[in-house]
1. Go through the stretch 63-82 and report how many residues are closer than 16 Å to residue 107 by Cβ and assigned to a loop (DSSP other than H, G, I, E, B).
2. Could you tell me whether any residue of the stretch 83-91 is in a loop (DSSP other than H, G, I, E, B) and in contact with a helix residue (DSSP H, G or I) (Cβ under 6 Å, 6 or more places away or on another chain)?
3. State yes or no: is residue 33 surrounded by 17 or more Cβ atoms within 10 Å (Cβ to Cβ), touching a strand residue (DSSP E or B) at 6+ places or on another chain (Cβ under 6 Å) and in a loop (DSSP other than H, G, I, E, B)?
4. Would you pick out the residues in the stretch 3-22 that are touching a strand residue (DSSP E or B) at 6+ places or on another chain (Cβ under 9 Å) and touching a residue at least 40 places away in the same chain (Cβ under 8 Å)?
5. Name the single residue that is nearest to residue 109 (Cα to Cα) among those in the stretch 1-14 being part of a strand (DSSP E or B) and more than 12 Å from the chain's Cα centre (by Cα).
6. Could you check how many residues of the stretch 104-118 are surrounded by 14 or more Cβ atoms within 10 Å (Cβ to Cβ) and over 11 Å from the mean Cα position of the chain (by Cα)?
7. Taking the stretch 83-107 as the region of interest, how many residues are touching a residue at least 12 places away in the same chain (Cβ under 8 Å) and either farther than 21 Å from residue 55 by Cβ or touching a strand residue (DSSP E or B) at 6+ places or on another chain (Cβ under 8 Å) (or both)?
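Taken together, the values in this text are just the output of simple stated rules run on the coordinates, not laboratory data. Treat the numbers as computed from the prediction; the structure is a model and nothing was measured. Positions of Cβ are backbone-derived with ideal geometry, glycine not excepted, and every protein chain shown enters the neighbour counts.
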């Protein structure tokens, strides 16, 4: 299976990941990633990360998923999202963004990991 890209930089409002142009928010998964456009599924800080936001990560073979809460922990995760991951047998971690990045990078060395990363609040 293809490796998940490493995150090489994180700061307020800016992220860099291997093979991708710099951006603000990212969806990363085994074999690549792309900018995370919240408007695709109507995502907002509350109620938070939607089931449709994580489905793409599952579809790309992520067995572990790291969800960031933002730098100020404002981004929530819908209970339905956690249920979807549980139903697919996916291990999930929900962390503040810089902690989420560190955990994701460690997992990416050995595991088909996916993640949703929000680089501001």
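1. Restricting attention to the stretch 63-82, the residues satisfying the condition of being closer than 16 Å to residue 107 by Cβ are 63-68.
Filter again for assigned to a loop (DSSP other than H, G, I, E, B), leaving 63.
Matching residues across the stretch 63-82 total 1.
2. Here is the first cut: in the stretch 83-91, the residues in a loop (DSSP other than H, G, I, E, B) are 88-90.
If we keep only those that are in contact with a helix residue (DSSP H, G or I) (Cβ under 6 Å, 6 or more places away or on another chain) as well, we get 88.
Looking through the stretch 83-91, at least one residue is in a loop (DSSP other than H, G, I, E, B) and in contact with a helix residue (DSSP H, G or I) (Cβ under 6 Å, 6 or more places away or on another chain).
3. No; evaluated as a whole, the condition is false for this residue.
4. 4, 5, 6, 7, 10, 14, 15
5. We begin by selecting, within the stretch 1-14, every residue part of a strand (DSSP E or B); these are 7-11, 14.
Within this subset, residues satisfying the condition of being more than 12 Å from the chain's Cα centre (by Cα) are 8-11, 14.
Numbers: 8: 13, 9: 16, 10: 18, 11: 22, 14: 22 Å.
Here the answer is 8.
6. 5
7. Residues meeting the conditions: 16.
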